[in-house]
Amino acid sequence: MTLVESLLHALKAHGGRQIFGIPGDFALPFFKIAEASGILPLYTLSHEPSLGFAADAAARLQGGLGIAAVTYGAGALNLVNPVAQAYAEKSPVVVISGAPGRREASYGLLLHHQVKTLDSQFEIFRHITCAQARLDHAETAPAEIARVLARCVRESRPVYLEVPRDRADVPCLPVVPVPPAPVDAEALDACATEILGQLARASAPVLMAGVEVRRFGEEDAVAELARRLGVPVVTSLMGTGLLAEAHPPPRGAYLGLAGDPAISDLVERSDALLMLGVILSDTNFGASGRRIDLRRAIRIGDGQVELGYHVYRDLPLSAVVHALLDKLPARAPAPPAPPVPAARPDSDAASALCPQSIAREVNRMMRRHGRFPLAIDVGDCLFTALEIDHSHRVAPGYYASMGFAVPAALGLQAASGRRPIALVGDGAFGMTGLELGHCARYGWDPIVIVQNNAGWGMLQSFEPALALNRLGNWDFARIAEGLGGVGLTARTCGELAHALETAVRTRGRFVLIDAVIPPGAISPALQRYVDAVRRLSADPPVPAPPAPVAAH
């Protein structure tokens, strides 16, 4: 077995299902062995940022590891932004980079793709990954691979592995996985007891689900926990789409002043907010009209539990959720929600499209044909998608890098085999949309809706006078035809409804719908968010009343 074969088997054993890659001279030995061995499917795209987004989305939806393979320097450094996003949003992406061999490193010459020193790239990735290793010795490579992949799985964050090109085919032993760290049973029991006690004493407990629930594969367990606790359930903005199959589903996403007032009031007045895997970011809580008192919250995530001033360390979310279930009596499962009747066409077929009507037509289509997984870009697409019926989705709701949705949709279909819908703005499509040209090679056929307002709509909503936010009119439907797909244009609700029906019936080719909306038209949710940000800038949130919490 070669070093690369040992690495590939270890990736598969740790939940890797495919590799997204772009070869280069320093990485060619890795790619040659990866292709010949067939241990994992290999998909190549056109630009490294798309590899990172596709690998990230695959990991978010299917669980396991996302894998991006690149060459040294010019390839790997193109991955910095998507890997930084994966780190911020807790997505387990493995970066594999080729590197100069031992002899090349000793020549004393500057090598092509080198930045400052040969170690510059390694040091950059040290800041945006949770573990790193250079596999330059076959004797130590198995232990290093095991260590790095264990951290990736345990922390659900990216890791970095560097393979010098003269080491790829050296003989190497198999990787022996690192066993999971034991959990302190007494601390876990005490923690679960304290959590349930705080919930029992509360008059208004609420459960908020965040991204770690899916990252660690605990959606079913959390849905069962919610049923047994009998408390209202919401998601964070980043957790939108979680518990999509639960009965009943969450009441919605918390958005503070920008969201449903009933949900905002429910969360902000809770005296026991049970946060499962929620990232404390400005996108999740920055628009709060009434600052949430974290001393009365129960925060489970990042491998620990915080109850007021009391912290239990080294307790993974999965262990805590199952410890709570062990202490709660089972309840009869809730009856499935009755099917939503197919909506009849309204009389607005001739009305001009707007973000709200795009969401409405997608809902009507999914009620007729079933749910599709969603890949959502940032900007107004993120807010428009909040009005789309609960469905599995991936979106960069915190780090918020543009260009995510199209390669993410490709990653979703490669990982799950399910046909996705990508909702992307015209500005973001310009960054990564050409990756759709690879669909024909791999049999992918996503439905892509370009929310086209001829500009950077979200930025324009904050600074409407800036001319630089206007991008001009691109004919996206014709671009689609040139890439081997089907291109359709919709300017009215009726045209979009027809285009979506055509897209559902068209299989084997991607379908791009150029959904043309008037410049300046934004979703109601984005308008509320803009208004909330402006209001909070001038008038800070009302502080929550202090809670009597004893220090431990």
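The values are calculated or read from the model by the stated rules, or taken from the named source; none is laboratory data. Because the structure is a prediction, the values reported are computed rather than measured. Don't worry about glycine lacking a Cβ; one is built from the backbone with ideal geometry, like all the others, and counts go over all protein chains shown.
I need a count of the residues in segment 91-142 that are exposed (fewer than 13 other Cβ atoms within 10 Å of the Cβ) and either in a strand (DSSP E or B) or aromatic (F, W, Y) (or both).
Total meeting the criteria: 1.
State whether the residues of segment 293-304 include one that is assigned to a loop (DSSP other than H, G, I, E, B), over 24 Å from P92 (Cβ atoms) and small (G, A, S).
Taking segment 293-304 and keeping what is assigned to a loop (DSSP other than H, G, I, E, B), we get 293, 302-303.
Restricting the remaining residues to those that are over 24 Å from P92 (Cβ atoms) gives 293.
From what's left, small (G, A, S): none.
No, there is no match, as no residue in segment 293-304 is assigned to a loop (DSSP other than H, G, I, E, B), over 24 Å from P92 (Cβ atoms) and small (G, A, S).
Does segment 389-400 include one or more residues that are closer than 11 Å to V448 by Cα and out of contact with any strand residue (DSSP E or B) (no Cβ under 6 Å at 6 or more places or on another chain)?
So far as segment 389-400 goes, no, none of its residues is closer than 11 Å to V448 by Cα and out of contact with any strand residue (DSSP E or B) (no Cβ under 6 Å at 6 or more places or on another chain).
Is it true that some residue in segment 401-410 is touching a Ser or Thr at 6+ places or on another chain (Cβ under 6 Å), in a loop (DSSP other than H, G, I, E, B) and closer than 16 Å to M238 by Cβ? Outline the logic, then answer.
Filtering segment 401-410 down to residues touching a Ser or Thr at 6+ places or on another chain (Cβ under 6 Å) leaves 403, 406-407.
Checking the rest, the ones that are also in a loop (DSSP other than H, G, I, E, B) come to 403.
When the remaining residues are screened for being closer than 16 Å to M238 by Cβ, the result is none.
No, because not a single residue in segment 401-410 is touching a Ser or Thr at 6+ places or on another chain (Cβ under 6 Å), in a loop (DSSP other than H, G, I, E, B) and closer than 16 Å to M238 by Cβ.
Out of the residues in segment 497-552 that are part of a loop (DSSP other than H, G, I, E, B) and in contact with a helix residue (DSSP H, G or I) (Cβ under 6 Å, 6 or more places away or on another chain), state the one that is modelled with the lowest pLDDT.
Filtering segment 497-552 for residues that are part of a loop (DSSP other than H, G, I, E, B) and in contact with a helix residue (DSSP H, G or I) (Cβ under 6 Å, 6 or more places away or on another chain), the one modelled with the lowest pLDDT comes out as V549.
Hey, can you tell me all the residues within segment 352-369 that are closer than 14 Å to A503 by Cβ and either at pLDDT below 95 or of a type outside the set (A, V, I, L, M) (or both)?
Here is the first cut: in segment 352-369, the ones closer than 14 Å to A503 by Cβ are 358, 361-362, 364-366, 368-369.
Passing the criteria: E361, R364, R368, H369.
With the requirement that a residue be in contact with a Ser or Thr (Cβ under 8 Å, 6 or more places away or on another chain) and buried (at least 24 other Cβ atoms within 10 Å of the Cβ), what does segment 379-392 give you?
Here is the first cut: in segment 379-392, the residues in contact with a Ser or Thr (Cβ under 8 Å, 6 or more places away or on another chain) are 380, 383-387.
Correct list: D380, F383, T384, A385.
Pick from A258, A246, A253: which is outside the structural domain of M366 (by TED's automatic domain parsing) and touching a Phe, Trp or Tyr at 6+ places or on another chain (Cβ under 9 Å)?
Numbers: A246 fails: touching a Phe, Trp or Tyr at 6+ places or on another chain (Cβ under 9 Å); A253 fails: touching a Phe, Trp or Tyr at 6+ places or on another chain (Cβ under 9 Å).
Answer to the check: A258.
Condition first: of a type in the set (K, R), assigned by TED's automatic domain parsing to the domain that holds L8, surrounded by fewer than 21 Cβ atoms within 10 Å (Cβ to Cβ) and out of contact with any strand residue (DSSP E or B) (no Cβ under 6 Å at 6 or more places or on another chain). Can you find one or more residues in segment 190-202 that meet it?
no
Got at least one residue in segment 143-161 being more than 31 Å from the chain's Cα centre (by Cα), surrounded by fewer than 22 Cβ atoms within 10 Å (Cβ to Cβ) and assigned by TED's automatic domain parsing to the domain that holds V93? So that I can check it myself, show each step before the final result.
Pass one, segment 143-161, residues more than 31 Å from the chain's Cα centre (by Cα): none.
The answer is no, given that none of the residues of segment 143-161 is more than 31 Å from the chain's Cα centre (by Cα), surrounded by fewer than 22 Cβ atoms within 10 Å (Cβ to Cβ) and assigned by TED's automatic domain parsing to the domain that holds V93.
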